[in-house]
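Data block below; observations after.
The values are calculated or read from the model by the stated rules, or taken from the named source; none is laboratory data. In this text the structure is predicted, and so the values were computed from the model without any measurement. Cβ placement follows ideal geometry from the backbone for every residue including glycine, while neighbour counts extend to all protein chains displayed. Side chains are part of the model used for accessible areas, which takes the heavy atoms of the whole protein and leaves out ligands, DNA and RNA. Shrake-Rupley method; radii C 1.70, N 1.55, O 1.52, S 1.80 Å.
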Amino acid sequence: MATDATAQDGRGAGGGAPAGDLILQMRSISKEFPGVKALSDVTLEVRRGEVHAICGENGAGKSTLMKVLSGVYPHGTYTGDILLGGEEVRFKGIRDSEEAGIVIIHQELALVPRLSLAENMFLGNEQASGGVVDWNKTRSQAAKLLRRVGLHDNPDVTPLDIGVGKQQLVEIAKALSKKVDLLILDEPTAALNDEDSAHLLGLIAEFRDQGITSIIISHKLNEIAAIADRVTVIRDGQTIETLDFHGAETITEDRIIKGMVGRPLDNRFPDHEPQIGAEALRVEDWTVYHPIDTERMVVDHAHLTVHQGEIVGLAGLMGAGRTELAMSVFGRSYGANISGRIYKNGQEISIRTVRDAIKHGIAYTTEDRKALGLNLIQTIRENISASALGKVSNWWGVVRGGAEDVVAEKYRKEFRIKAPTVESVVGKLSGGNQQKVVLSKWVNADPDVLILDEPTRGIDVGAKYEIYGIINALAAAGKAVIVISSELPELIGVCDRIYAVSQGRITGEVARADATQEELMRYMTMEKTPAGAGQAQEGTN
Amino acid sequence: MNVLREYFGRNVRQYGIVLALLLIVLLFQLLTDGRLLAPNNIAALFMQNAYVMILAIGMVAVIVAGHIDLSVGSVVAFIGGLVAIMMHNWGWSVPLAILAALVVGALVGAWQGFWIAFVGIPAFIVTLAGMLIFRGLAIVLVGQTIAPLPSSFNRIGNGSVANFLGFAGQMDVVTLVIGVIAIVGLVVSQVRARANLIKHELTVEVFGVFIGKLVVMGALIALVTYWLSLSRGGTPIILLIVGVLVLGFTFLMNRTVFGRHVYAVGGNRNAAILSGVSARNVDFMLFVNIGLLSAVAAIATTARAGAGVAAAGQNFELDAIAACFIGGTAVAGGVGKISGAMIGALIMGVLNMGLSILAVDAAWQQAIKGLVLLLAVALDIVSKRKGALR
């Protein structure tokens, strides 16, 4: 079946796929917010038993569509029909949609950190008789469900005791505790490393075999290509096309991107001609212990150098110690018993606080921009000037209003932050634009060394390209840039040199020309035992 | 007209609270047959509620940073007692006693700030302890009521600005001059702010709205000035002190690096720390600050009573906190304005005075005030929820 024909057939009455085959039909869905048309005549058809992916840039309307489907926006607030198994449904709330067998797992994890896994899984759906909780039943059911998603943890431990990857699986187990015909996963692997992602995707495939239909929203096109049967592309609140991976045309990632951005992306990474200068930052023998579990070594005698104009990558699996290394260098904002030496432009420096780090020209943008990077209730202007208020104030600490506006306005234009004015509240911006605000804030502090932790996490393809452009421009201006990322193609596409981190140690160093995902992955999964291998690598630093 | 509606639509929160104040004033004006807005009552309104306004200035900043201070009432009693003893028992001069009171206030704040900022004990607990500690110390210190105090000291709370310019008709000329200065200051500062925005090619309010706002605000100041000029003494001294504090601290909160750090810490403490803001220093300074303002409130209260009393300052912390919340300060921190808290304090003050004129039982007054606090915050939350849906 040809790709475009699929979409056509779907719209035509009783065309290609027989109606009985369709578990879900959303017909001509339109949803307006005051001043914005979020969805305009969107059509989505999902076949029973398939894995159906939805792709689109941030703000394209994917989440709004899923909120319409799950009853977050009740019937009457949108126009169009939803047919479930051929019958029209009108949900008044999430409870209605769950009763109909639709379960949505949101991007933000919603586990209560201090309740046990069992309690979390049956929260709102307690295994009780007459209002008294049956704990034995709760525990045994929970353990059963956990095993079904491949977890063998004790259901009495709390989410705090397990990693983010496992938490996502617990969410899925929680979904399975309800009657589920249609499972919707919104960016399920956004916070997961490759290994956990692979496990999760395998699980979705397993569910397909068990007859559960899944809708998966993801930015990670390689994952979609690996798992989805069909993909619907949404752009600017409209359905663009539905592509069939089992059809005649081979669907490549570039083919999907073309639909998402409306044009073929020739190159996912902008060109970068490195102009590498003198050494900017050198970290030697850097050792950090866990702040609470102070016996545990999180960063283990790491060596690291970065030169002016150079973009250096830090590759590692989640929990490898990349963020911990960066944050401990950035004014000891993480860890305990930190030891080691830092050299800036060849001079040894002492950094005890974030303020020291900023003074020495080091900047760090966090991987968790909502919790640690931005003040979401304040404006773009206030966020951008937060790290360098001294630059827009006079000597006795009075902020010059005009100067601050000018600075913020400059970055809004230069980095193309999509907001009407710099007085827009940051919490209302999309992920990509929020990331640009974070970058503005630190570029404005005028550092010599920028450490960017997951700078493109959770943002769409177009915005990613722009962020890469900003990174290149920073390097071209002579800044030393360290990029931490879980996405290996991104590191290989952007960086001049890549360090691999495993279990707190720098286990490898690869130049751009030699970098392959396989090579990096080998270093990233290097175990601690062969001391010789680690030693040899450190010798090359 | 459309522009106007849109403008007010966006600023409902800000104007809603002013509107509520005006409504309450009108209501009591009717209920009391016009006695509420008698010139002497206007002057008394400011004198009686000066302490709430002074404490609320510091409390806004503390709440914006995500803390709370439950100790201010006890600190007022403690420092009030101390300042009375210094003058009455030890024979210190008035200026020396005032200076000493301010120093003690700062030290009390530093004590509490130390535990909060550097030991990391939640402010709720530290200031709850402070509430007990300083109330206890006040009772130990004062014992019996300490009076009389020097009349020059008492004038701070009861007196008015000396009328050395005579009268124009029935009106006190000094008060008129102060009113004119206030109006001119308002117009000049607003026009300059607007010019600055235009210079940097930033969006400004529609000209008509801008002028309308100025006219309304100017008219309100003129009206209050007119009433005060007809009152027994003219402008209360304490009103001038409150005015200077409000202007100074509004500047501190809005225009200085320190003020911006307060909002940054309140909005997202971790992000602020990772931006190089020393959250500890901010916390510490905020409590030193509210300690200082508690001392000012203690001086005002003691001067108004004309005596040092161990039971002074009872429930002051609750009045100040209520004023902040009525005035739109967010419980979760990060949001809050001194101007809002001042209007909140005035709402509480007008309620107090109106209910007193109507001779409503004190117990009922308290219940009504509690209800108003609840309704004000409920209105705030509901209006925000509507805003979020849009």
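A few comments on the model shown:
- Exposure check, 1.4 Å probe, all protein chains in place: B:Trp227 carries approximately 50 Å² of accessible surface.
- A probe of 1.4 angstrom, applied to the heavy atoms of all protein chains, finds B:Arg260 with accessible area near 20 square angstrom.
- Relative intensity, log₁₀ I(q)/I(0), of region B:140-279 from a Debye sum that treats every alpha carbon as a point, q = 0.14 Å⁻¹: -0.91
- Counting only DSSP beta bridges with both residues in chain A, the antiparallel share comes to about 55 percent.
- Net charge contributed by nearby residues that have their C-beta within less than 13 Å of B:Val372 (K/R +1, D/E -1): -1
- Members of region A:312-358 that become less accessible by 50 Å² or more once partner protein chains are added (1.4 angstrom probe, chain alone as reference): A:Arg355
- The calculated 222 nm mean residue ellipticity attributable to helices in chain A amounts to -9500 deg cm²/dmol, summing -39500 (n - 2.57) over DSSP H runs of n ≥ 4 and dividing by all residues.
- Surrounding net charge for A:Ala480, when Lys and Arg each add one and Asp and Glu each subtract one, Cβ distance under 14 Å: -1
- With every protein chain in place, chain B: carbon and sulfur % of accessible area (1.4 Å): 72
- Cα-based shape type of region A:200-346, given that a ≥ b ≥ c are square roots of the gyration tensor eigenvalues and the cut on a/c is 1.5: oblate
- Probe 1.4 Å, accessible area per residue of chain A, Å²: 42
- In region A:99-214, the portion of solvent-accessible area held by carbon and sulfur atoms comes to 48 percent [1.4 Å probe, whole percent, DNA, RNA and ligands not counted].
- Take the Cβ atoms of B:Leu197 and B:Ile381, set R0 to 30 Å, and the FRET efficiency comes out at 0.45.
- Ellipsoid equivalent to chain B - semi-axes via the Cα gyration tensor, in Å: 32, 29, 21
- Area hidden from solvent between B and A (accessible, protein heavy atoms only, 1.4 Å, total, Å²): 2200
- Computed over chain A: relative contact order in percent, which uses C-alpha pairs under 8 Å that are six or more apart: 14
- Kirkwood-based Rg to Rh ratio, region B:224-329, C-alpha trace: 1.06
- B:Val335 contributes an accessible area of around 60 Å² to the protein surface, as traced by a 1.4 Å probe with all chains present.
- For chain B: accessible area per residue (Å², 1.4 Å): 47
- Loop-located trypsin sites (Lys or Arg not before Pro) in region A:311-378, at most 15 other Cβ atoms within 10 Å (DSSP): A:Arg352
- Given A:Lys37/A:Lys391; A:Lys370/B:Lys337; A:Lys62/B:Lys337; A:Lys220/A:Lys413; A:Lys62/A:Lys178, the pairs whose alpha carbons are separated by over 30 Å: A:Lys37/A:Lys391; A:Lys62/B:Lys337
- Cα shape, region A:98-175, gyration tensor, a/c 1.5 rule: oblate
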